[in-house]
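Student: This is the structure I have questions about; it appears just below.
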Amino acid sequence: MIMLALPLFAMMQNGNANEIFAQTIGEAFDLKSDEPLYSETHCLSSDELAREVIYRDVDGQLIAHKILSYETGPTTPSFVQHNFYSQESIEVELKQDELTMTVKDANTSESGKVISTRPSPNLPVVIDAGFDAFVTTNWDSLLAGDNKSFQFPFAARESLVKLRIKPVGCTYDSETDQCFSLEMNNWFLRMLVEPIELGYDAKLKRLTRYRGLSNIGDGKGNGLVVDIRYNYQDVPAKACAVDDLKLTAQTAYSNRTQRVSSAKQL
């Protein structure tokens, strides 16, 4: 996974205007206090097979970086995410019928904890941002009242969970959005975990809001509960340009790869 992600990272970094573009910028706020927390810039390759997500704090400093490859399908992208605030890397890959999740401390040369599991053949698997394609693909049946269930890997918690999505009324003010609730498929776990609310532009079928548990922590291992508002208009092209912040990410990936390669040689 590491070796697979690095060429993709290089392609995204060196791509010209015809190869990569800034699709949207999401601004994350604390769900309760509305305090600004971080931003996420989504950069997409022209063939839509690669996505780069750049996370910055309110001061513009890089806090996390994620690369996704959609070669396995729109709902099951492989991804590598490095959290610079915790020096933790997370990797997820679905290959044939086996799902592999790896959580690693980037400060060590150890290979990290690897969890391999075979998902149930009775439910589809959805990985990370693949939920967006899952929603739009099943849009009409969802609005017709056909709730959908799927398996979703939570690598940070080293588990594969069953989630259910259904249409609901939006909890925020909107005259144009269609909202969906994403919740645990187990009734007991639903009592312990708050559902995630997804807001979509009903006409464009495009994600506008994400309200719930974030994939970004607070640096102390605590999860953030956020309200992310996505803007697709007037996103500057330079949002995906190489700069000092992303060069820092490239160095981190390079150092990590060198350590892993050395460990394999031993």
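Values quoted throughout were computed directly from the atomic coordinates according to the rules given, and no laboratory measurement underlies them. Note that the structure is a prediction, hence the values are computed from the model and not measured. Here the Cβ is made from the backbone with ideal geometry for all residues, glycine too, and neighbour counts use every protein chain on show.
Student: For a 29 Å ceiling on Cα separation, which of these pairs sit above it: Lys166/Lys220; Lys162/Lys220; Lys66/Lys238; Lys32/Lys113; Lys32/Lys104; Lys148/Lys220?
Tutor: Lys166/Lys220; Lys32/Lys113; Lys32/Lys104; Lys148/Lys220
Student: Quick query: amide H of Glu88 versus all other amide H atoms, modeled in the peptide plane; which residues come in under 5 Å with a sequence gap of 5 or more or a different chain?
Tutor: Placed amide hydrogens put Asn83, Ala106 under 5 Å from Glu88.
Student: Once you place label points 7 Å from the Cα toward the Cβ at Glu98 and Lys205, how far apart are they in nm?
Tutor: Distance between the two pseudo-spin positions: 3.5 nm.
Student: Within segment 45-80, whose backbone N sits under 18 Å from a point 7 Å along Cα→Cβ of Phe21?
Tutor: Backbone N within reach: 45-53.
Student: Rounded to whole Hz and in sequence order, give me ³J(HN,Hα) for segment 158-174 from the Karplus expression 6.51 cos²θ - 1.76 cosθ + 1.60, θ = phi - 60°, writing x for Gly and Pro.
Tutor: These are the phi-based 3J(HN,Hα) values: 6, 8, 10, 10, 9, 10, 10, 10, 8, x, 9, x, 5, 8, 10, 6, 6 Hz.
Student: Leu31's amide H: which non-local residues (gap 5+, or another chain) put their own amide H closer than 5 Å, with H modeled 1.01 Å from N in plane and none for Pro or chain starts?
Tutor: The answer is Val225, Val226, Asp227.
Student: Straight-line reach from Lys95: which aspartates and glutamates have a Cα under 17 Å away, not including same-chain ones fewer than 8 places off?
Tutor: The qualifying aspartates and glutamates are Glu71, Asp128.
Student: Please give the length that would be gained between Arg164 and Arg118 if that part of the chain were fully extended, namely 0.36 nm times their separation in residues minus their C-alpha to C-alpha distance (nm, one decimal).
Tutor: 14.6 nm
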